[in-house]
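A.B. asks: So that we are looking at the same thing, I have put the structure below in structure tokens.
Every number here is computed from the coordinates shown, using simple stated rules; none is lab data. All values derive from a computational prediction rather than experimental measurement. Quick reminder, even Gly has a Cβ in these numbers, built from the backbone with ideal geometry, and neighbours come from all protein chains shown.
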Amino acid sequence: MSSTATLISRPAPADLDYRSRFGNWDNRASVRTKALHILGEHLDGQLFFPPELVPGIDHPALAAVMTPECRQRILMHRLHVYLSFTTDLEQLVVNPVTQLLSREQLGFDLPKPMLRDAYKICADESWHALFSDDLADQIVAATGEQPVALPRPRFLTELDRLSAGEDSSIRGLTSLFFTVVSETLISAILCGIPHDRRVVSAVRDTVADHAEDEGRHHAFYAKFFEYAWHQLGPAQRAAIGPLLPEFVTAFLAPDPGALTAVLAVAPLGVETVRGIVEESTPAAEVRASIRKAASASLRMFTQNGVLDDPRTHDRFAEMGLVDA
Ligand SMILES: [Fe+2]
Ligand SMILES: [Fe+2]
């Protein structure tokens with residue numbers, strides 16, 4: 001972010017009633033207390049990733065050519081997609097924004113303890129990127145198989161597209177609010193994998209460490225949203241509001257390019273695989289799962305009056321995130 005918009009501030013909430021969730025960070029944060037998890041028993045019938053989180057894996061056209069080895073390779077490559085998604089998100093989006101926030105470069109009035117907590121979030125996110133990249137390397141070393149080549153992740157192309165539409169009044173705010181949204185969503189991966197005993201323990205434990213840290217980040221960013229939203233001017237709120245459902249969808253919708261690359265590990269033509277991906281991600285089902293994972297963020301938007309703006313409400317409804 002080269003420069004940010006000048007805020008046409010309404011006053012910040014008078015008391016700025018911030019209660020830090022980072023008081024016990026030294027004793028709780030995974031970067032302060034946990035070691036890297038070492039891949040051990042992946043050949044003992046454990047799964048690299050839950051098959052339910054790989055749309056299309058049970059498609060009849062794939063079942064016809066599937067072997068147990070091929071299925072495990074698909075799950076492994078799906079895990080690689082998740083690990084590289086995590087590294088990209090932390091290093092390319094969340095940390096650049098959170099660093100600016102910690103240095104008071106975003107133009108918002110924030111309580112001082114919040115700035116210190118932003119430093120701690122940056123340390124957490126760097127650790128999440130490191131342990132994801134390390135686990136990916138361990139998988140390559142253990143299996144002798146490199147990750148399949150992936151196109152640029154969908155969430156980054158979407159962020160580029162939406163940032164390109166910024167005018168000077170909201171310069172820099174697209175990636176800021178994209179970050180806020182991504183930090184307040186609760187993905188099926190973070191929620192489910194730590195408790196899924198079919199999954200390789202190093203994967204489960206790594207995701208569990210991440211999920212626990214993200215609980216604190218969620219509380220921080222929900223509070224930040226409350227302060228920041230009310231410090232924007234009306235025109236800025238009107239410009240950012242309709243982008244919020246785009247951010248939610250960019251983050252949570254399946255990434256067809258990545259999914260195609262993963263399923264193409266099976267001995268099928270790429271066009272057949274594209275067809276499988278399309279059939280396996282029906283719009284209504286995708287919308288319902290996005291709405292579920294976004295429920296905390298949607299509550300946060302409602303509580304802060306975001307949906308009171310008719311254009312914003314209509315955009316959320318068009319994208320299936322609220323009822324029309
Ligand atoms: Fe993280
Ligand atoms: Fe985070």
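A.B. asks: Does segment 133-169 hold any residues that are in a helix (DSSP H, G or I) and among the small types (Gly, Ala, Ser), and which are they? Steps first, answer last, please.
C.D. replies: The first filter runs over segment 133-169 and keeps only residues in a helix (DSSP H, G or I), leaving 133-143, 154-164, 168-169.
Listed by number, the residues that qualify are Ala136, Ala141, Ala142, Ser163, Ala164, Ser168, Ser169.
A.B. asks: Can you tell me which residues in segment 170-211 are exposed (fewer than 15 other Cβ atoms within 10 Å of the Cβ) and either assigned to a helix (DSSP H, G or I) or within 16 Å of ligand 1 (Cβ to nearest atom) (or both)?
C.D. replies: Once the filter is applied, which keeps residues that are exposed (fewer than 15 other Cβ atoms within 10 Å of the Cβ) and either assigned to a helix (DSSP H, G or I) or within 16 Å of ligand 1 (Cβ to nearest atom) (or both), segment 170-211 yields Ala188, Cys191, His195.
A.B. asks: Oh, and also: If you go through segment 271-282, how many residues are within 27 Å of the chain's Cα centre (by Cα) and free of Cβ contacts under 8 Å to residues at least 12 places away in the same chain?
C.D. replies: Number of matching residues: 1.
A.B. asks: Hey, another quick one. Select the helices (runs of 4 or more DSSP H) contained entirely in segment 216-272, then report the ones holding at least 2 residues which are buried (at least 22 other Cβ atoms within 10 Å of the Cβ), more than 16 Å from ligand 1 (Cβ to nearest atom) and of a type outside the set (A, V, I, L, M).
C.D. replies: Working: elements: 234-240, 244-252, 256-263.
So the answer is 244-252.
A.B. asks: Please state which one of Asp17, Asp26 is more than 16 Å from ligand 2 (Cβ to nearest atom) and in contact with a Lys or Arg (Cβ under 6 Å, 6 or more places away or on another chain).
C.D. replies: Asp26
A.B. asks: Residue by residue through segment 142-187, note down the ones that are more than 16 Å from ligand 2 (Cβ to nearest atom) and within 15 Å of Leu79 (Cα to Cα).
C.D. replies: Ala142, Thr143, Glu145, Gln146, Pro147, Val148, Ala149, Leu150, Pro153
A.B. asks: Here is a follow-up. Would you mind finding the one in Leu115, Leu92, Leu53 that is touching a Lys or Arg at 6+ places or on another chain (Cβ under 9 Å) and surrounded by fewer than 17 Cβ atoms within 10 Å (Cβ to Cβ)?
C.D. replies: Leu115
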